[in-house]
Amino acid sequence: MKIVAGNWKMYKTIDEAQVFFREFAALALPLPQNVEVVIFPNYIALGAFAGTALNGVILGAQDVAADAEGAFTGEVSPAMIRSTGAKYVLIGHSERRHVFGESPDVVHRKLLNAMEGSLVPVLCVGETLAERTSGRATEVVRGQLDGALSGIAHLDRGHLMVAYEPVWAIGTGANAENDQIEEMHSLIRSHLRQLLGDGAGRGIPILYGGSVKPANFRSIVALPSVDGGLVGGASLVPASFTELVKIAAQC
Ligand code: PEP
């Protein structure tokens, strides 16, 4: 089963999101049985879809608070997200880490809070260009996994996904090469097995993200270590997102 997940970032009003789903339905339905399709809209659009059947598309949130509830103006809790019917939440996306300065400790607390609130975290990890060129990419990604998953010694199947998203490939048009993806995904897999035990570590899907588009996705999603894609720009357009779903179905 491959996974194709769209991160809409801060795009689409409620009306625009509804138009997307209408057009996507016309192009992509019925969804292939062997692909899980996930969309991460902004909170406003997510709320507008509460209780709506989206023909098999699963919803997620792009972020979550680090606390269960309380006096935290502007924050959104796991229970609020669950109440929309969403299943997943992005944790530690590079824009949260690098634009908003989210620390490893905050990423860790958000991940725990999501799990305690019955959401499935999609933990995003990835190195900057400076970290890669100085030969520290694997050390950085290992450290991000350690920080986020510290104290979690056991996980049930289906309770976590990881997305490897090199920061230098996000929104830049420059995707990582297949051998760079294979190398990092293998490292992530072995580190997850070390941290969480063999069984859990083996079952956690690992997605690739960073300038995925129809022209490069076929060879990426066919890699043995890649369970799917986390897609920004190309997920905003029904035709290109449909194309990605169809490519994943052929793998
Ligand atoms: C992302 O936002 O997670 C992402 C990978 O964006 P893009 O596909 O636009 O590089």
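The values are calculated or read from the model by the stated rules, or taken from the named source; none is laboratory data. Since the model is a prediction, treat every value here as computed from it, not as a measurement. Here Cβ is always computed from backbone atoms with ideal geometry, including for glycine, and neighbour counts include all displayed protein chains. Just so you know, the surface numbers come from the protein's heavy atoms only, side chains and all, with ligands and any DNA or RNA stripped out. Shrake-Rupley method; radii C 1.70, N 1.55, O 1.52, S 1.80 Å.
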Please determine, by comparing only the residues of the range 192-214 that are more than 22 Å from residue 9 (Cα to Cα) and hydrophobic (A, V, I, L, M, F, W, C), which one is surrounded by the most Cβ atoms within 10 Å (Cβ to Cβ). 192
Contact list, first residue from the range 40-64 and at positive phi, second anywhere and at pLDDT below 95 and assigned to a strand (DSSP E or B), beta-carbon distance below 6 Å, six or more apart or interchain, is none
Against the condition touching a residue at least 12 places away in the same chain (Cβ under 8 Å), open to solvent by less than 10 Å² (accessible area, probe 1.4 Å) and under 28 Å from residue 221 (Cα atoms), how does residue 85 come out, does it pass? no
Pairs where the first residue, in the range 216-231, is modelled with pLDDT of 95 or more and the second is outside any loop (DSSP other than H, G, I, E, B) and of a type in the set (Lys, Arg), C-beta under 9 Å, 6+ apart: 221/2; 225/189; 226/2; 227/2; 228/2; 229/2
Check off (1) part of a helix (DSSP H, G or I); (2) more than 15 Å from the ligand (Cβ to nearest atom); (3) of a type outside the set (Gly, Ala, Ser) for residue 154 and give me the number that stays unchecked. (1)
Looking at (1) more than 16 Å from the ligand (Cβ to nearest atom); (2) of a type outside the set (Phe, Trp, Tyr); (3) farther than 26 Å from residue 96 by Cβ, which is the one condition that is false for residue 142? (3)
All conditions in (1) within 16 Å of the ligand (Cβ to nearest atom); (2) open to solvent by 80 Å² or more (accessible area, probe 1.4 Å); (3) touching a Ser or Thr at 6+ places or on another chain (Cβ under 9 Å); (4) of a type in the set (A, V, I, L, M) are true of residue 10 except (3)
Listed residues 53, 153, 114; which is within 30 Å of residue 20 (Cβ to Cβ) and open to solvent by 30 Å² or more (accessible area, probe 1.4 Å)? 53
Of the numbered conditions (1) within 10 Å of the ligand (Cβ to nearest atom); (2) surrounded by 21 or more Cβ atoms within 10 Å (Cβ to Cβ), residue 233 fails exactly one; give the number of that condition. (2)
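Assess whether residue 97 counts as being more than 27 Å from residue 58 (Cβ to Cβ) and either under 15 Å from the mean Cα position of the chain (by Cα) or surrounded by 13 or more Cβ atoms within 10 Å (Cβ to Cβ) (or both).
no
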Please go through (1) modelled with pLDDT of 95 or more; (2) more than 16 Å from the ligand (Cβ to nearest atom); (3) surrounded by 13 or more Cβ atoms within 10 Å (Cβ to Cβ); (4) not in a helix (DSSP H, G or I) for residue 122 and return the number of the only condition it doesn't satisfy. (2)
